[in-house]
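Read the structure below first, then the notes.
The values are calculated or read from the model by the stated rules, or taken from the named source; none is laboratory data. All figures in this text were calculated on a predicted structure; none of them were measured in a lab. Glycine gets a Cβ as well: all are built from the backbone with ideal geometry, and neighbour counts include every protein chain shown. Remember, those area values only see protein heavy atoms, side chains included, never the ligands or the DNA or RNA. Shrake-Rupley method; radii C 1.70, N 1.55, O 1.52, S 1.80 Å.
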Amino acid sequence: MNHIAVKNNERLSLTSIPRSDYERFLEHNTALLDDSANHCVTYFGVPEDGKIKLICGIANDNEHNIYLSCAEINRTEILPSFSKHHLAFQVFERELHENFGINFSDHPWLKPVRFAFDRADKDSCIEYYPFYQSDSVELHEVGVGPIHAGIIEPGHFRFICNGEQILHLEIQLGFQHRGIERLFLEKKTLLQRTTLAESIAGDTVAGHTTAFVNLWEALCGFQADDELRFTRTLALELERIAVHTGDLSAICTDIGYQLGNAVFGRLRTPIINFFQQWCGNRLAKGLIRAGNNHFPFDKELGIALKNMLDQYKPDFNEICQKTFRQPSVLSRLEKTGVVSWEQAGSIGAVGMAARASGSERDIRKTHPHDKYINLGHQPVIKHHGDVYSRVQVRKAEIIQSIGYIRDLLMHLPAESREKKELGSPAANSIVISLTEGWRGEICHCAITDQQGALRHYKIKDPSIHNWVALALAVRNNEISDFPVCNKSFNLSYSGHDL
Amino acid sequence: MFNTLKILFHHGRQSIPNVATAELPGIFRGRPVITNEKIDTAALVKLCPTGAIGSSPISIDLGKCTFCGECAFAFPNKITFTKDYKLATNSLERLIVTEGTNQPVLLDASLIRSEISKYFSGSLKLRQVSAGGDNSCEMELNACGNVNFDMGRFGIEFVASPRHADGIVITGPLSENMALPLQICYDAIPEPKIIILAGTDAISGGIFSGSPALNRHFLNQYKIDLYVPGNPIHPLTFINGVLDLIRTNPRHT
Ligand code: SF4
């Protein structure tokens with residue numbers, strides 16, 4: 001047995017993870033990925049006794065398990081790479097290289113991930129990053145960013161083009177790096193860590209904070225009651241509706257369709273205003289807390305939410321019908337920015353972008369938590385992998401989420417009278433927490449030391465995988481279609497850069 | 001065509017008529033009020049995640065506060081958050097709310113450069129730079145221009161090029177990796193130009209304060225024209241703050 005199977009949010013003693021030598025570790029994990037029901041949710045290194053302990057987590061969608069295994073290596077060893085066998089590992093190995101200076105003999109491209117402040121090679125700087133180049137006199141390069149035209153986060157895009165046609169896009173991120181993973185260890189109070197979780201990506205507050213609190217409660221051996229589970233599930237689904245709606249608005253902007261931009265944009269407003277009505281913050285900061293709920297969801301809020309959705313839905317359907325029947329809209333969305341099912345699988349794409357390319361991957365179904373356990377969620381799948389498929393997934397997921405919220409509202413949780421003590425984290429433990437945010441799979445992983453203090457904290461935003469999907473999507477497209485392709489993924493810079 | 005008109009018609013006018021007097025629905029954590037009630041000061045100071053609470057007298061620094069509201073839950077008789085969203089000011093001292101007072105947050109007229117109202121009162125074009133921002137303030141700045149808040153009606157707009165801008169709006173705690181791009185962008189804006197810090201992360205570093213991945217040196221070089229507290233900023237906080245800065249009006253003291 002080369003691995004141990006755990007459930008989502010199940011605490012495990014660190015020593016129970018089977019350890020093997022690196023060759024067997026590699027063989028085992030890359031072989032697991034030959035089965036398309038498996039994918040890598042986390043793979044990282046932890047310094048231990050002068051060595052690096054590598055821990056790999058492979059999730060199995062059918063058995064709802066995560067297979068954990070580990071190996072110990074020296075920093076100076078030159079290792080054969082996992083990526084040689086499966087490209088989905090590429091970003092994890094780049095991160096290992098960047099953080100610890102571990103070298104791989106056959107990794108395709110050990111490109112810097114985010115120029116973390118504690119990177120191994122301090123001479124490698126974001127200012128002097130050498131972009132991939134082509135010497136051809138017929139091709140030219142276009143550099144965009146880090147600061148973009150609109151109000152969005154920074155990142156650099158370097159295109160190699162033949163006339164108007166994109167042959168290659170290289171994306172360089174890291175501008176947003178704030179050292180979050182390290183801060184999780186340095187900031188000692190639970191409230192500080194919760195605030196950090198809320199700030200990983202401000203568009204995914206419910207997603208990342210749910211991942212954090214579920215993990216923390218698992219470490220503490222705390223069972224969340226119905227009210228807490230309700231709050232998290234409702235917040236996740238509201239966040240999904242809000243961001244998806246905003247994205248439809250932004251996609252309309254990028255194709256110059258003003259009516260869609262205005263109407264989808266205004267439909268997002270009551271959703272985020274509802275968050276404020278409920279918890280005092282339009283993006284749900286302050287709402288989700290480990291072992292505690294400050295904002296009981298009462299009947300009155302239930303009625304307000306139901307009425308709001310009753311108004312939202314017909315308006316939403318109407319503007320969808322109008323927008324997606326316009327030939328001028330469809331011609332910009334269909335067959336633009338295609339990611340095939342094979343490509344999505346090979347790079348380990350997750351979330352709604354993967355589902356738009358025919359993948360079934362959705363944590364709400366495969367590793368359910370909170371209220372999803374009883375929801376019987378069926379992922380929305382589209383097959384063309386183009387911008388229009390990503391639009392259609394959003395549209396269908398909005399309608400699906402409205403349905404889920406209506407179901408949730410039928411059984412409002414009783415306000416918990418007796419407050420259970422949260423307790424403190426168990427020693428020498430590891431927990432992996434998976435959450436399906438609106439963008440896709442979020443993975444948090446924590447390891448505690450002998451005293452139960454946090455020893456390692458690892459965050460994986462869905463964008464980590466999906467930025468590569470964007471680079472593949474724009475190949476052979478017109479460069480003028482880049483904005484709409486980019487928006488159709490709407491990936492996180494801060495979630496990637498941490 | 002007919003359908004388009006129908007849709008426009010039944011959505012009706014969506015903009016908030018008066019951005020200075022609009023009431024927010026439900027709860028909102030705006031300007032805090034601190035009473036003179038005696039409490040366990042050490043416990044209160046300790047619970048704040050960003051060190052925003054000071055002692056003797058007890059105070060909250062809006063430039064550090066993440067508006068998590070936890071202090072008010074722990075000491076409900078001591079601290080309450082009002083729905084007053086007018087939190088922006090141009091001096092760091094005025095960001096500090098002390099116990100026993102219940103005063104609006106105002107701009108200090110003596111600190112407003114005369115060229116600001118001369119050039120920008122009717123038209124202000126801003127370039128936004130996110131320097132480690134988590135995309136929450138960025139989304140709210142975008143919302144300032146949407147059909148609900150409609151900041152464009154006051155001549156305030158975000159523009160793509162720093163060459164077209166009259167000032168810069170910075171979000172995020174100022175990451176080291178954005179230090180150079182931020183400086184280049186600021187240098188590209190023609191004089192006279194203003195600097196606005198939007199959100200707690202930008203004003204003080206917020207929860208990231210002290211992180212070795214930041215480089216806040218940029219802020220030591222220039223006078224900051226407006227601090228807009230919030231996590232994220234509320235669009236009405238931003239719009240009112242900017243209007244107070246560029247228009248000579250009674251909210252100055
Ligand atoms: S609301 Fe502000 S002052 Fe109160 S605990 Fe939170 S950050 Fe500190």
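Summary table below
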| item | result |
| --- | --- |
| Residues of the range B:52-95 that turn out to be under 21 Å from the mean Cα position of the chain (by Cα), aliphatic (A, V, I, L, M), more than 14 Å from chain A (Cβ to nearest Cβ) and within 11 Å of the ligand (Cβ to nearest atom), as a count | 2 |
| Any hit, the range B:27-42, residues being at the interface with chain A (Cβ under 10 Å from one of its Cβ atoms) and open to solvent by 40 Å² or more (accessible area, probe 1.4 Å) | yes |
| Residue in the range B:173-196 that is open to solvent by less than 40 Å² (accessible area, probe 1.4 Å), within 20 Å of residue A:195 (Cα to Cα), of a type in the set (Val, Ile, Thr) and not in a loop (DSSP other than H, G, I, E, B) present | no |
| Residue satisfying condition, being modelled with pLDDT under 95 and within 16 Å of the ligand (Cβ to nearest atom), within set B:22, B:109, B:43 | B:43 |
| All positions within the range A:190-237 that are aliphatic (A, V, I, L, M), open to solvent by 10 Å² or more (accessible area, probe 1.4 Å) and within 16 Å of the ligand (Cβ to nearest atom) | A:190, A:191 |
| Filtered residue count, the range A:312-336, keeping only those that are within 11 Å of chain B (Cβ to nearest Cβ), assigned to a helix (DSSP H, G or I) and free of Cβ contacts under 8 Å to residues at least 60 places away in the same chain | 4 |
| Selection from the range B:198-225 of residues that are closer than 20 Å to residue B:112 by Cα and surrounded by fewer than 24 Cβ atoms within 10 Å (Cβ to Cβ) | B:219, B:220, B:221, B:222, B:223, B:224, B:225 |
| Condition broken by residue B:147, with the remaining ones in (1) farther than 28 Å from residue A:117 by Cα; (2) at the interface with another protein chain (Cβ under 10 Å from one of its Cβ atoms); (3) touching a Pro at 6+ places or on another chain (Cβ under 8 Å) satisfied | (3) |
| Single residue of the range B:105-124 satisfying the filter (touching a Leu at 6+ places or on another chain (Cβ under 9 Å) and in a loop (DSSP other than H, G, I, E, B)) that is most open to solvent (accessible area, probe 1.4 Å) | B:112 |
| Elements of type strands (runs of 3 or more DSSP E) contained in the range A:123-222, each with 2 or more residues being free of Cβ contacts under 8 Å to residues at least 24 places away in the same chain | A:140-144 |
| Tally of residues being within 20 Å of the chain's Cα centre (by Cα) and polar (S, T, N, Q) across the range A:41-85 | 3 |
| Some residue of the range B:136-158 being surrounded by fewer than 20 Cβ atoms within 10 Å (Cβ to Cβ), out of contact with any Gly (no Cβ under 7 Å at 6 or more places or on another chain) and assigned to a loop (DSSP other than H, G, I, E, B) | yes |
| Every residue from the range A:291-311 that is free of Cβ contacts under 8 Å to residues at least 40 places away in the same chain and surrounded by 12 or more Cβ atoms within 10 Å (Cβ to Cβ) | A:294, A:301, A:304, A:308 |
| Residue within the range A:128-148 that is of a type in the set (D, E, K, R) and either at the interface with another protein chain (Cβ under 8 Å from one of its Cβ atoms) or in contact with an Asp or Glu (Cβ under 8 Å, 6 or more places away or on another chain) (or both) present | no |
| Residues within the range B:206-237 that are closer than 30 Å to residue A:99 by Cα and more than 9 Å from chain A (Cβ to nearest Cβ), tallied | 6 |
| Residues being within 25 Å of the chain's Cα centre (by Cα), open to solvent by 40 Å² or more (accessible area, probe 1.4 Å) and among the basic types (Lys, Arg) - total across the range A:112-171 | 1 |
| Selection status of residue B:127, more than 16 Å from residue B:34 (Cα to Cα), loosely packed, with under 15 Cβ neighbours inside 10 Å and of a type in the set (Lys, Arg) | no |
| Residue in the range A:374-398 that is modelled with the highest pLDDT, counting only those that are more than 20 Å from the chain's Cα centre (by Cα) and assigned to a helix (DSSP H, G or I) | A:388 |
| One residue from A:466, A:476, A:490 being open to solvent by 10 Å² or more (accessible area, probe 1.4 Å) and within 12 Å of the chain's Cα centre (by Cα) | A:490 |
| Sole exception among (1) buried (at least 18 other Cβ atoms within 10 Å of the Cβ); (2) farther than 18 Å from residue A:190 by Cβ; (3) at pLDDT below 95 for residue B:80, by number | (1) |
| Flag if residue A:185 is of a type outside the set (S, T, N, Q) and touching a Cys at 6+ places or on another chain (Cβ under 8 Å) | no |
| From B:29, B:13, residue being within 16 Å of the ligand (Cβ to nearest atom) and basic (Lys, Arg) | B:29 |
| Given (1) touching a strand residue (DSSP E or B) at 6+ places or on another chain (Cβ under 6 Å); (2) open to solvent by 50 Å² or more (accessible area, probe 1.4 Å); (3) within 14 Å of another protein chain (Cβ to nearest Cβ), number of the condition residue B:3 does not satisfy | (1) |
| Among residues of the range A:1-42, those that are in a strand (DSSP E or B) and open to solvent by less than 60 Å² (accessible area, probe 1.4 Å), counted | 10 |
| When residues of the range A:248-281 are limited to those that are among the charged types (D, E, K, R) and under 17 Å from residue A:318 (Cα atoms), the one nearest to the other protein chains (Cβ to nearest Cβ) | A:266 |
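For (1) touching a strand residue (DSSP E or B) at 6+ places or on another chain (Cβ under 7 Å); (2) over 23 Å from residue A:461 (Cα atoms); (3) open to solvent by 10 Å² or more (accessible area, probe 1.4 Å), each residue gets a yes or a no:
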{"position": "A:53", "(1), (2), (3)": "yes, no, yes"}
{"position": "A:57", "(1), (2), (3)": "yes, no, no"}
{"position": "A:61", "(1), (2), (3)": "no, no, yes"}
{"position": "A:65", "(1), (2), (3)": "yes, no, yes"}
{"position": "A:69", "(1), (2), (3)": "yes, no, no"}
{"position": "A:74", "(1), (2), (3)": "yes, yes, yes"}
{"position": "A:81", "(1), (2), (3)": "yes, no, no"}
{"position": "A:90", "(1), (2), (3)": "no, no, yes"}
{"position": "A:97", "(1), (2), (3)": "yes, no, yes"}
